[in-house]
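Participant: One structure coming up, written as structure tokens, with questions to follow.
The values are calculated or read from the model by the stated rules, or taken from the named source; none is laboratory data. All figures in this text were calculated on a predicted structure; none of them were measured in a lab. FYI the Cβ positions are ideal-geometry reconstructions off the backbone, even for glycines, and counts take in every protein chain you see.
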């Protein structure tokens with residue numbers, strides 16, 4: 001039956017039951033078959049996937065990957081490394097994940113990752129060695145678990161027009177009762193806990209002791225009534241700082257750099273007690289569905305182009321030493337960086353790897369404190 | 001049409017095929033099997049896993065599978081769990097109540113005073129719910145925010161000196177958002193039950209001397225009670241465990257039990273505790289639902 005005849009029959013109301021059922025059958029087979037046809041097509045162009053922090057899902061971080069594959073990798077975003085690990089432990093598979101140095105030992109022990117074959121990375125030769133030689137980063141075969149990518153500080157971003165400093169910049173800004181209800185804090189444990197340890201004066205090599213736990217928890221409890229919002233969403237914090245809803249917040253470099261670009265009077269403090277410094281990087285999943293693409297993702301992120309973009313837009317350090325060549329010393333200092341990362345990493349406090357039990361207990365305690373207990 | 005049987009004629013069918021042909025129950029089950037399978041895999045199995053896991057304890061990243069009631073004992077003993085449960089019931093109870101109170105007049109109007117294009121009215125009322133839930137929650141952030149619609153309007157009118165801070169990141173914000181987000185679930189059942197009411201009963205009540213208020217209380221309200229009960233359950237049950245609204249709008253003091261359960265399965269990494277909390281929440285909702293049902297039955301009997 002011709003299509004036009006068919007339509008005509010429908011219009012005139014003379015379509016026979018058989019003809020109608022035949023069309024239905026045809027339609028049903030078509031509908032069932034479509035996903036299979038599409039699935040084959042899609043499988044050929046499946047992109048590699050990366051599980052990362054919010055803000056890294058921009059094409060600028062993956063120039064060579066996009067050049068090779070025509071599109072950026074698939075992104076999944078987490079708000080903290082601990083919840084990311086829990087999610088992957090329950091069966092979420094990606095090619096590449098983006099934890100931080102203090103997570104490496106626990107993540108490697110989970111058995112979900114494989115060491116990175118650095119010979120497959122064209123940019124590996126330019127990676128700053130201090131960032132690779134971190135505690136627990138060497139697998140049995142001598143290869144690293146984590147390919148370092150970004151590094152920076154956790155400190156206080158405050159409104160220079162709304163916060164009155166008493167002497168030097170200090171973590172005390174976040175504990176200043178004058179700014180009650182105008183303080184922002186991170187929502188997930190990790191950085192918040194380590195920073196509170198600096199504020200409480202707990203040395204990092206003592207952080208696993210019960211006394212340290214109590215001291216840090218006490219400091220965070222004291223701060224809780226002053227906090228307006230606990231969130232890991234940097235956009236929320238940024239907007240609140242620019243509107244004056246918050247006057248100071250615990251942030252990474254990027255919040256201050258982004259707000260300064262909008263001419264909002266904020267400063268990323270260099271606390272007299274020292275800032276918390278961190279190095280994050282990329283780990284390869286043991287069952288990565290697309291290992292080739294995974295290496296392409298890592299290589300793209302380690303490239304000079306990705307590094308230049310990150311230093312300029314976010315104010316984070318990059319692991320490729322050549323990425324810094326495009327910037328003057330003044331430009332780097334303005335964002336709190338240096339071309340020799342050891343200067344910055346040595347000046348601050350560097351969180352040390354802890355065992356799983358500690359990590360769970362820390363997260364649980366922080367959640368209790370946030371909830372008011 | 002003539003069917004040619006694959007077994008020679010005259011010989012009775014044996015085995016499975018014969019049994020299947022005879023048994024109506026088997027045929028019925030076979031018909032239901034796709035749905036049953038989904039129910040089994042999607043609801044029954046997870047529920048069993050949840051119940052079992054609630055008796056386990058965490059051990060590093062694994063589980064200690066010796067059955068124990070420790071998790072439930074902790075829920076009873078530690079104030080955080082009780083506080084969160086109570087807060088969730090309060091917030092979602094208020095939200096449910098306000099939603100029903102606000103939606104009842106709307107449903108009433110459409111059921112009794114709109115005579116043409118009723119469907120259009122209903123569609124228009126539920127139009128906001130065609131957007132995603134998350135989008136509506138974010139929209140309320142914009143409305144209630146520090147520099148949001150409400151605050152800017154009040155500021156420009158000179159009613160307030162500084163932005164109202166309690167609007168966002170508070171229990172108020174959660175209640176307002178839940179009330180709006182779930183309105184469709186109240187309007188529809190209320191409308192259906194009001195629409196079904198026989199108008200001649202109302203006329204009879206008027207003829208027999210009832211004023212509008214008494215008529216409403218004695219006829220309309222009791223007869224629309226099924227709709228109210230349905231709306232109560234449809235809103236109260238999901239909002240008690242709601243997670244995204246308090247996460248985005250609740251602030252430090254607005255967190256609810258859903259957030260606590262999510263934390264157990266996320267950063268806190270205590271799945272057995274999360275399972276036990278979910279079970280306790282389910283039991284509490286069940287119990288409160290029964291109490292509510294009982295009270296409405298009682299009230300109906302009184303009214304009748």
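Let's see how each residue does on (1) without any contact (Cβ under 8 Å) to a residue 40 or more places away in the chain; (2) within 14 Å of chain B (Cβ to nearest Cβ); (3) surrounded by fewer than 19 Cβ atoms within 10 Å (Cβ to Cβ):
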| residue | (1), (2), (3) |
| --- | --- |
| A:85 | yes, yes, no |
| A:94 | no, no, no |
| A:99 | no, yes, no |
| A:102 | no, no, no |
| A:119 | yes, no, yes |
| A:137 | yes, no, no |
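Participant: A further question on this structure: Do any helices (runs of 4 or more DSSP H) entirely within segment B:11-99 hold 1 or more residues that are under 30 Å from residue B:252 (Cα atoms), and if so, which?
Facilitator: Hits in segment B:11-99: B:45-54, B:70-77.
Participant: Another question, if that's okay. Could you look through segment A:104-117, keep only residues that are touching a helix residue (DSSP H, G or I) at 6+ places or on another chain (Cβ under 9 Å), assigned to a loop (DSSP other than H, G, I, E, B) and surrounded by fewer than 22 Cβ atoms within 10 Å (Cβ to Cβ), and pick out the one that is nearest to the other protein chains (Cβ to nearest Cβ)?
Facilitator: Ranking the qualifying residues of segment A:104-117, first place goes to A:110.
Participant: Just checking, how many residues over segment A:162-171 are touching a residue at least 24 places away in the same chain (Cβ under 8 Å) and in contact with a strand residue (DSSP E or B) (Cβ under 9 Å, 6 or more places away or on another chain)?
Facilitator: Number of matching residues: 5.
Participant: Hey, another quick one. Report those helices (runs of 4 or more DSSP H) wholly inside segment A:279-373 carrying at least 2 residues which are at pLDDT below 85 and crowded, with 18+ Cβ neighbours inside 10 Å.
Facilitator: It comes to A:341-347.
Participant: Out of the residues in segment B:59-111 that are touching a strand residue (DSSP E or B) at 6+ places or on another chain (Cβ under 8 Å) and in contact (Cβ under 8 Å) with a residue 24 or more places away in the chain, state the one that is nearest to residue B:240 (Cα to Cα).
Facilitator: In this case the residue turns out to be B:71.
Participant: Is there a residue being within 14 Å of another protein chain (Cβ to nearest Cβ), free of Cβ contacts under 8 Å to residues at least 24 places away in the same chain and crowded, with 23+ Cβ neighbours inside 10 Å anywhere in segment A:243-256?
Facilitator: Looking for residues that are within 14 Å of another protein chain (Cβ to nearest Cβ), free of Cβ contacts under 8 Å to residues at least 24 places away in the same chain and crowded, with 23+ Cβ neighbours inside 10 Å, one finds none in segment A:243-256, hence no.
Participant: Evaluate segment B:176-183: report whether one residue or more is part of a loop (DSSP other than H, G, I, E, B), in contact with a helix residue (DSSP H, G or I) (Cβ under 7 Å, 6 or more places away or on another chain), surrounded by 15 or more Cβ atoms within 10 Å (Cβ to Cβ) and in contact (Cβ under 8 Å) with a residue 60 or more places away in the chain.
Facilitator: Within segment B:176-183, one or more residues are part of a loop (DSSP other than H, G, I, E, B), in contact with a helix residue (DSSP H, G or I) (Cβ under 7 Å, 6 or more places away or on another chain), surrounded by 15 or more Cβ atoms within 10 Å (Cβ to Cβ) and in contact (Cβ under 8 Å) with a residue 60 or more places away in the chain.
Participant: Report those helices (runs of 4 or more DSSP H) wholly inside segment B:191-304 carrying at least 3 residues which are away from chain A (no Cβ under 14 Å).
Facilitator: B:199-207, B:212-215, B:221-240, B:271-303
Participant: Please report, ordered by residue number, the strands (runs of 3 or more DSSP E) entirely within segment A:213-276 with at least 1 residues that are in contact with a helix residue (DSSP H, G or I) (Cβ under 6 Å, 6 or more places away or on another chain) and modelled with pLDDT under 90.
Facilitator: Result: empty, no element qualifies.
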